[in-house]
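Below: the structure, in structure tokens.
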Amino acid sequence: MGKLALLHLLCGIFIFWAVSVVKAEDPYRYFTWTATYGVASPLGTPQQVILINGQFPGPRLDLVTNENIVLNLINKLDEPLLLTWNGIKQRKNSWQDGVLGTNCPIPPNRNYIYKFQPKDQIGSYTYFPSTQLHRAAGGFGVLNVYARSVIPVPYAKPAGDFSLLIGDWYKTSHKALRQILDSGKSLPFPDGLLINGQKQSTFTGDQGKTYMFRISNVGLKTTINFRIQGHKMKLVEVEGSHVIQNLYDSFDVHVGQSLSILVTLDQSPKDYYIVASTRFTATVLTSTSVLHYTNSQTPVSGPVPAGPVNQFQWSLMQARTIRWNLTSNAARPNPQGSFHYGKITPSRTILLANSAPLINGKQRYTVNGISYINPDTPLKLADHFNIPGVFTLDSIRSAPTADSPHLATAVLPSSLHEFLEIVFQNNEDTMQSWHLDGYDFWVIGFGSGTWTQASRKGYNLVDALTRHTTQVYPKSWTAIFVSLDNQGMWNLRSAMWDRQYLGQQVYLRVYNPTASLANEYGIPTNALLCGKAAALRHP
């Protein structure tokens with residue numbers, strides 16, 4: 001009986017362990033999305049737009065940290081399509097990044113099933129088409145990642161949660177805009193601004209309660225200032241990082257950036273303007289929506305609240321007030337990890353300078369003199385299958401050179417677990433915005449003029465914010481630290497889509513010569529193959 005009882009006990013332990021393992025796996029969420037063309041009138045004139053499941057903007061994707069997402073995207077457009085998940089790190093999984101350096105685009109009347117996980121992430125993000133100039137036609141949407149119930153956030157649960165996609169917009173079709181760029185010209189000034197794909201929306205709340213507003217700039221090229229008439233805005237989260245909770249009257253949101261604010265409806269019961277307006281433009285475009293108190297009997301009235309009068313210096317000073325909340329939890333209990341960024345000496349410095357030269361008589365945009373061109377074979381496939389002739393690791397220098405600007409497929413080599421200092425040097429008299437897929441990074445410094453080693457004296461090595469997109473002011477520089485802990489092929493690009501389209505991007509190859517599933521997942525069994533990889537088979 002003793003042996004039998006012991007056997008039963010062991011079986012019970014095994015069953016409990018097996019059930020626990022099954023239950024421990026993060027839940028799966030399944031979606032099917034179909035991309036089609038449709039007609040909408042965002043600025044009052046009917047035009048062709050890109051719909052996702054018949055919606056413009058696309059469906060709001062609300063996820064919880066670490067959920068496994070299986071999303072079947074069906075392309076019913078007349079051109080190949082990819083969606084990218086802006087700010088989602090795709091841990092060990094650049095195969096799912098949804099850009100032309102990692103994925104073959106989905107041909108018309110075909111599908112691709114994305115499989116990814118917002119691993120250890122929480123915050124406000126977006127998705128949008130990365131192919132051609134499709135983003136100018138829509139296809140974008142909200143992607144919110146909420147904390148698991150066991151992880152507290154540093155603010156009380158709001159009474160409501162609103163997501164606002166703000167951005168510049170053209171009445172001209174995306175194909176006509178693309179022809180302008182292909183002809184060697186810059187895009188014209190936008191025709192207007194949209195909030196959630198409309199000129200005006202209404203957001204309703206109860207007097208005395210606090211609401212979260214998630215703001216994302218999904219436009220093509222223009223910084224936007226956001227404000228709510230008569231209300232203070234408490235900044236609580238920026239692209240996955242909880243921040244020191246300062247109050248603002250208005251806030252600059254640069255292209256590709258996202259943030260979350262809390263607003264308490266503590267004013268008299270009436271309706272108030274919600275305002276988005278362009279920054280740093282000779283002509284100021286404005287779009288308004290309405291904050292409606294449920295007990296309001298008074299519509300919005302009076303002049304629309306004006307934006308900041310001061311220009312770049314005001315915006316720069318505001319940017320320096322955004323600090324990481326070092327005492328709060330994030331998607332995991334210890335968001336700072338096992339090290340502090342300010343105590344690590346970078347292994348090397350990469351200095352990236354943007355410029356806007358003519359190449360072969362056409363307008364292009366460059367990084368260190370290289371204007372990126374997409375090969376017919378994704379870089380990730382070429383790397384995986386050892387296909388020659390697609391890219392080389394000496395295609396771009398890690399600092400500006402005196403060489404003439406030219407076209408190339410620019411790939412920066414790096415090693416897994418390197419800790420880099422990257423400086424974005426902007427010698428142009430225009431605003432810039434830079435994004436890195438696969439990562440967030442510490443924005444450690446802003447400065448005017450030309451960056452030098454002495455500029456490091458002004459770095460914030462204590463509580464700099466981590467985010468995935470940073471602005472670079474005219475005739476200025478921005479410095480970041482990034483820990484390369486995510487193996488793969490990652491797009492480092494201008495968030496301004498006309499500049500990205502005409503070459504202002506590179507790929508960062510984060511590499512380890514020893515293949516290991518602990519560092520990177522294998523090629524998906526459903527990966528699309530194209531270009532020089534079209535005739536190959538999955539291993």
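The values are calculated or read from the model by the stated rules, or taken from the named source; none is laboratory data. What you see is a predicted model; the values in this text were computed from it and never measured. Cβ: placed from backbone, ideal geometry, glycine included. Neighbour counts: every protein chain shown. Keep in mind that these areas ignore ligands, DNA and RNA; they rest on the heavy atoms of the full protein, side chains included. Shrake-Rupley method; radii C 1.70, N 1.55, O 1.52, S 1.80 Å.
Of note:
- For the chain, fraction of C-alpha pairs farther apart than 40 Å, in %: 22
- Charged side chains reduced to their Cβ positions (Lys and Arg at +1, Asp and Glu at -1) give the chain a dipole of some 220 debye around its Cα centre.
- When restricted to Cα atoms, segment 315-420 yields an Rg and a Dmax of 19.0, 54 Å, respectively.
- Summary of packing: across the peptides 373-380, 196-203, the per-residue average of other C-beta atoms within 10 Å ranks them, highest first, as 373-380, 196-203.
- Cα pair distances in segment 69-153, grouped into 10 Å bins until the bin that holds the longest one, percent each: 17, 48, 26, 7, 1
- Distance histogram in 10 Å bins (all Cα pairs of segment 188-309, percent per bin): 13, 45, 34, 8, 0
- Spacing of the modelled spin labels on ARG110 and ALA402, each 7 Å from Cα toward Cβ, amounts to 4.7 nm.
- Per-peptide average of other Cβ atoms within 10 Å, ordering 169-179, 437-447 highest first: 437-447, 169-179
- The apolar share of the surface of segment 193-307, taken as the fraction of accessible area on carbon and sulfur atoms (1.4 Å probe, ligands and nucleic acids excluded), comes to 48 percent.
- Remark: spin-label model distance GLN207-HIS340 equals 4.8 nm, labels positioned 7 Å along the Cα→Cβ axis.
- With protein chains left intact and a 1.4 Å probe, residues in segment 406-462 average 37 Å² of accessible area per residue.
- Order of exposure, largest accessible area first, which applies to GLU79, GLU237 with probe 1.4 Å: GLU79, GLU237
- The distance between label points at ASN386 and THR514 comes to 1.9 nm (points 7 Å beyond Cα on the Cα→Cβ vector).
- The charge dipole of segment 335-396, taken about the Cα centre with unit charges on the Cβ atoms of Lys, Arg (+1) and Asp, Glu (-1), comes to about 220 debye, rounded to the nearest 20.
- Extension gain for the segment ASN427 to TYR521, taken as residue separation times 0.36 nm less the Cα-Cα distance, is 29.9 nm to one decimal.
- VAL309/ILE151 FRET efficiency (R0 51 Å; Cβ-Cβ; nearest 0.05): 0.80
- Carbon + sulfur, % of accessible area of segment 389-539 - ligands and nucleic acids excluded, 1.4 Å: 53
- Span-rule helices in the chain, defined as complete DSSP H runs reaching 18 Å or more along the axis (Cα) with Kyte mean at least 0.5: 2-24
- Computed per residue of the chain from DSSP H runs no shorter than four, each worth -39500 (n - 2.57), the mean residue ellipticity at 222 nm is -3000 deg cm²/dmol.
- Over segment 39-109, accessible surface divided per residue gives 30 Å², non-protein components excluded, 1.4 Å probe.
- Phi to ³J(HN,Hα) by Karplus 6.51 cos²θ - 1.76 cosθ + 1.60 over segment 371-384, Hz, x for Gly, Pro: 9, 5, 10, 7, x, 6, 10, x, 4, 5, 5, 4, 5, 5
- Accessible area expressed per residue, segment 163-318, with surrounding protein chains retained (probe 1.4 Å, Å²): 37
- Average projection, convex hull of the Cα set of segment 163-211: 4.6 square nanometres.
- Length available on full extension from THR281 to TYR248: 0.36 nm per residue minus the Cα-Cα distance, which gives 9.7 nm.
- Convex hull (Cα only) mean projected area of segment 438-539, reported in nm² to one decimal: 9.7
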